[in-house]
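Asker: The following block contains the structure, expressed as structure tokens.
The values are calculated or read from the model by the stated rules, or taken from the named source; none is laboratory data. All figures in this text were calculated on a predicted structure; none of them were measured in a lab. Note that we place each Cβ from the backbone using ideal geometry, even for glycine, and neighbour counts take in every protein chain shown. For the accessible areas, the whole protein counts, side chains as well, though only heavy atoms, and no ligand, DNA or RNA atoms are used. Shrake-Rupley method; radii C 1.70, N 1.55, O 1.52, S 1.80 Å.
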Amino acid sequence: MSAGYIIITNNPMVDEKFRETHDVVYKDVSYRELLEEAMEWIMQGHELLTHPLSGSVKPNETPYKSLLLRKKTGNRDVRSIELIERAIETCDKFEKRTFKYKPGVYKDFQLVDMTLIESGMSSADEWL
């Protein structure tokens, strides 16, 4: 697994597609909990490569999120810390929602998230 990044996700579709070819950290957690997980990685020196609120999909509208983090850079990246902190704050502003959609809708949300992360991966693969 040679990519210079890690995929952190709570999306089972992303995990299934990329776990054999990329470094994937899959957590069966909420959107907000996934942001907290990413914060822990960032505090260890990894750098955020994709925006935690990308895709114009609000945190209260989808249960799934995938993020790319550049593998340890050695120092804490202030920009990454600020972005993830603001994303957590934004997530907290939205009304908490218990997701109870029909099964097909979950697959749609997973596909949207996977499409967004694949776009980020394509960019990262070109310049990392």
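Asker: Working only within segment 26-54, note down all residues that are out of contact with any Leu (no Cβ under 9 Å at 6 or more places or on another chain) and either without any contact (Cβ under 8 Å) to a residue 24 or more places away in the chain or crowded, with 20+ Cβ neighbours inside 10 Å (or both).
Answerer: Within segment 26-54, Tyr26, Asp28, Val29, Tyr31, Glu33, Glu40 meet the criteria.
Asker: A further question on this structure: Being of a type in the set (Phe, Trp, Tyr), surrounded by fewer than 18 Cβ atoms within 10 Å (Cβ to Cβ) and touching a residue at least 12 places away in the same chain (Cβ under 8 Å) narrows it down to one residue among Phe109, Phe94; which is it? Even if it seems obvious, please write down each step before you answer.
Answerer: On the way: Phe109 fails: surrounded by fewer than 18 Cβ atoms within 10 Å (Cβ to Cβ).
Among Phe109, Phe94, only Phe94 is of a type in the set (Phe, Trp, Tyr), surrounded by fewer than 18 Cβ atoms within 10 Å (Cβ to Cβ) and touching a residue at least 12 places away in the same chain (Cβ under 8 Å).
Asker: OK, next. Just one of the numbered conditions (1) under 15 Å from the mean Cα position of the chain (by Cα); (2) in a helix (DSSP H, G or I); (3) under 18 Å from Asp15 (Cβ atoms) is not true of Leu69; which one?
Answerer: In the conditions (1) under 15 Å from the mean Cα position of the chain (by Cα); (2) in a helix (DSSP H, G or I); (3) under 18 Å from Asp15 (Cβ atoms), Leu69 misses (2) alone.
Asker: Residues in segment 89-107: is at least one in contact with a helix residue (DSSP H, G or I) (Cβ under 6 Å, 6 or more places away or on another chain) and within 25 Å of Glu126 (Cβ to Cβ)? First the steps, then the outcome.
Answerer: Going residue by residue through segment 89-107, those that are in contact with a helix residue (DSSP H, G or I) (Cβ under 6 Å, 6 or more places away or on another chain) are 91.
Pick out the ones that are also within 25 Å of Glu126 (Cβ to Cβ) and you get none.
No, segment 89-107 contains no residue that is in contact with a helix residue (DSSP H, G or I) (Cβ under 6 Å, 6 or more places away or on another chain) and within 25 Å of Glu126 (Cβ to Cβ).
Asker: Shifting gears a bit: Take segment 113-127 and flag every residue that is among the hydrophobic types (A, V, I, L, M, F, W, C) and surrounded by 14 or more Cβ atoms within 10 Å (Cβ to Cβ).
Answerer: Met114, Leu116, Ile117, Met121, Ala124
Asker: Going through segment 55-71 one residue at a time, which ones are among the small types (Gly, Ala, Ser) and open to solvent by less than 30 Å² (accessible area, probe 1.4 Å)?
Answerer: Pass one, segment 55-71, residues among the small types (Gly, Ala, Ser): 55-56, 66.
Ser66 - this is the single residue of segment 55-71 that is among the small types (Gly, Ala, Ser) and open to solvent by less than 30 Å² (accessible area, probe 1.4 Å).
Asker: Only one of Thr21, Thr50 is out of contact with any strand residue (DSSP E or B) (no Cβ under 6 Å at 6 or more places or on another chain) and not in a helix (DSSP H, G or I); which?
Answerer: Numbers: Thr50 fails: out of contact with any strand residue (DSSP E or B) (no Cβ under 6 Å at 6 or more places or on another chain).
Step by step, each of Thr21, Thr50 is checked, and only Thr21 is out of contact with any strand residue (DSSP E or B) (no Cβ under 6 Å at 6 or more places or on another chain) and not in a helix (DSSP H, G or I).
Asker: Let me ask you something else. Hey, Tyr64 hits all of (1) part of a loop (DSSP other than H, G, I, E, B); (2) among the aromatic types (Phe, Trp, Tyr); (3) within 16 Å of Gly4 (Cα to Cα) but one; which does it fall short on?
Answerer: Single failed check for Tyr64: (3).
Asker: Mind checking which pairs have a first residue in segment 5-17 that is among the aromatic types (Phe, Trp, Tyr) and a second that is assigned to a strand (DSSP E or B) and open to solvent by 10 Å² or more (accessible area, probe 1.4 Å), Cβ under 8 Å, 6 or more apart or different chains?
Answerer: Matching pairs, first to second residue: Tyr5/Asp23; Tyr5/Arg70.
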